[in-house]
Amino acid sequence: MTNFQSLGLSDTLLRAVESEGYTIPTPVQQQSIPPLLDGRDVLGVAQTGTGKTAAFALPVLQIMERNKTHGKRFIRALILSPTRELAAQIEDRFAAYSVHMDIRHRVIFGGVSQKPQVRALQKGLDILVATPGRLLDLIGQGHIDLSRVEFFVLDEADRMLDMGFIRDIEKVLKLLPDNRQNLLFSATMPKSIAKLAGSFLHDAVMVDVSPEEMTVDRIEQKIMFLRKPDKRRLLAQLIQDHQVECGLVFTRTKHGANRLVKQLGQSDIAAVAIHGNKSQGARTKALAGFKDGSIPILVATDIASRGIDVEGITHVFNYDLPNEPESYVHRIGRTARAGRSGIAYAFCDESESGYLVGIQQLIGMEIPVDSQHPFHFPGAIPKPGQKPGKVKGQSGSRRDSRNKNSRQHQRGQNQRRPRGESTPNQRRQGGGRQNNQSNHGGGRQGNSNRRRNTNRSRNERSPR
Ligand code: AMP
């Protein structure tokens, strides 16, 4: 069995890894660390939760220690991350792994005073972890020199592009010296990322850790069809029935997150919201309360949730289905961390059935339906052959006829399946469940190619 020693890590780093309690390297670590130690560029398809931070941080630290520099410190490694939370967590990992080394690292991001960041930069740093906006801001003010960077890491590249950071990345790339080692990590590999990777990686080793294999198989997923106004009642009921102590709820909008926190409060459920409109202080406080267990429910938008790495999340609620299917995989991957299992509920109202179609195509399976709740609404079930994406223009009467059709089609579909032939979902689970109904939406046995193709078309179509 592979252990950290066999990957070629130094004793100093092995000690640090041991203190962190890691015994077996994760697949992304096993595949990335040796080529990185050999000086190769790496293109990693891996999401947060797979151990990818250590996969790049450990070799970067080892090479830095091997080639010590003298005199005033300069930025030798630059790690770009899309969100403040993820950036802070990456820096925290560097701190843990470099505990026995003479390495100075620092994270910089917007939304907080730049003064302490500038002071740290002036004192000299070896490793800088940054979000693009504040990085370029401080470069513009003459506080940052990237001309001697030896390692450039672009983390969560797909999210970077989704968030519109492509121009910023291009600007940063122009400031880096030619001779450097590059790493790019992305949860998905749409065409736009492949193009970006091709523009700055040289002869890169591709490391592919499929999210389904890493986490999704350990997560019990359920889809619940209901009317939009019933969502908050069902959520409160599930939280209370399951006595959820560590649950993450996703809404599509910041406003929706705030409103939901108030509504949960009316049911005596303590919750906090985390999203981009909150100050950094409020975000840190909300996350701290959630991490220490004093607040059982965190309500988040997709972007704010990036990089939230809280062990022990037992339930993820897709209160609103994401309009980008790959966000569903990111969301449910917040649970089932570190080898545990978890439950992911998804609510689907009538306007979201097309999003469900896209999600099921992406993950290559039909999500089991739980209809045993008081708000079950068959009208929200996708129609046979329904296309992925937004459901357009529904009037009341069309809604009604849709409901009937859905029911009929659903029955028809089930009848058409030959007796004894299971759904793709049942096959994955080794048998059917009593509560499971088939739901339409292109559920099928997945493979990673198919998943990426779907990602590509959606990402290409709707950059945010
Ligand atoms: P990441 O994907 O880098 O965000 O890591 C997810 C979590 O896994 C973090 O809490 C890490 O501390 C933890 N982790 C990373 N590598 C290992 C490992 N080899 N064994 C156990 N836990 C790990």
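Rounded to the nearest Hz, the phi-derived 3J(HN,Hα) couplings of the stretch 157-174 under the Karplus curve 6.51 cos²θ - 1.76 cosθ + 1.60 (θ = phi - 60°) are 4, 5, 5, 4, 5, 4, 8, x, 8, 4, 4, 4, 5, 4, 5, 5, 4, 5, where x marks glycine and proline. For a 25 Å ceiling on Cα separation, which of these pairs sit above it: K52/K291; K72/K195; K191/K390; K171/K390; K291/K390? The answer is K72/K195; K171/K390; K291/K390. Computed from label points 7 Å out along Cα-Cβ, the spacing between D208 and N258 is 4.4 nm.
Considering only L58, I75, A120, and ranking their Cα positions along the charge dipole of the stretch 5-209 that arises from unit charges at the beta-carbon of Lys, Arg, Asp and Glu, the one farthest toward the positive end is A120.
In this structure the amide hydrogen of D208, modeled in the peptide plane, comes within under 5 Å of the amide hydrogens of V45, none closer than 5 places in sequence on its chain.
What is the packing order of peptides 113-121, 182-190, taking the mean over residues of other C-beta atoms within 10 Å and listing the highest first?
Numbers: 113-121: 14.0, 182-190: 24.6.
With the highest mean Cβ count within 10 Å placed first, the list reads 182-190, 113-121.
For the stretch 5-209, the dipole from Cβ point charges (+1 on Lys and Arg, -1 on Asp and Glu) about the Cα centre works out to 700 debye, to the nearest 20. Using R₀ = 22 Å, calculate the FRET efficiency as 1/(1 + (r/R₀)^6) where r is the Cβ-Cβ separation of T12 and Q122; round to 0.05. So the FRET efficiency works out to roughly 0.20. Tell me, what is the FRET efficiency for H242 and A288 to the nearest 0.05, using R0 = 22 angstrom and their Cβ-Cβ distance as r? Efficiency, rounded to the nearest 0.05: 0.40.
Only Cα pairs under 8 Å and at least 6 apart count here; give the relative contact order of the stretch 213-380 as a rounded whole percent. Please list the in-between numbers first.
On the way: 313 pairs, mean separation 61.1, N = 168.
Result for the stretch 213-380 is 36 percent.
Straight-line cross-link partners of K231 among the aspartates and glutamates, defined as a Cα under 18 Å from its Cα and at least 8 positions apart when in the same chain: D241, D268, D320, D349, E350, E352, D370.
Ordered by packing density, taken as the mean number of other Cβ atoms within 10 Å over each peptide's residues, highest first, how do 283-292, 222-231 rank?
Values: 283-292: 17.1, 222-231: 19.6.
Sorting 283-292, 222-231 by mean packing, highest first, produces 222-231, 283-292.
Under a Cβ-only charge scheme (Lys and Arg +1, Asp and Glu -1), can you give me the dipole magnitude of the stretch 213-380 about the Cα centre, in debye to the nearest 20?
Details: 20 positive and 19 negative charges, 144 e Å.
Using only the charged Cβ atoms, the result is roughly 700 debye.
Annotation: extensible slack from S113 through K72 equals 12.3 nm (criterion: 0.36 nm per residue apart, minus Cα-Cα distance). Computed over the stretch 213-380, the P(r) curve from all C-alpha pair distances, binned at 10 Å from the origin, holds 10, 43, 38, 9, 0 percent per bin.
Summarising the label geometry, the points placed 7 Å from Cα in the beta-carbon direction at L173 and Q372 lie 5.3 nm from one another.
Bear in mind that the values in this text are calculations on the coordinates, not laboratory data. Because the structure is predicted, anything quoted here is derived from the model rather than measured. Here the Cβ is made from the backbone with ideal geometry for all residues, glycine too, and neighbour counts use every protein chain on show.
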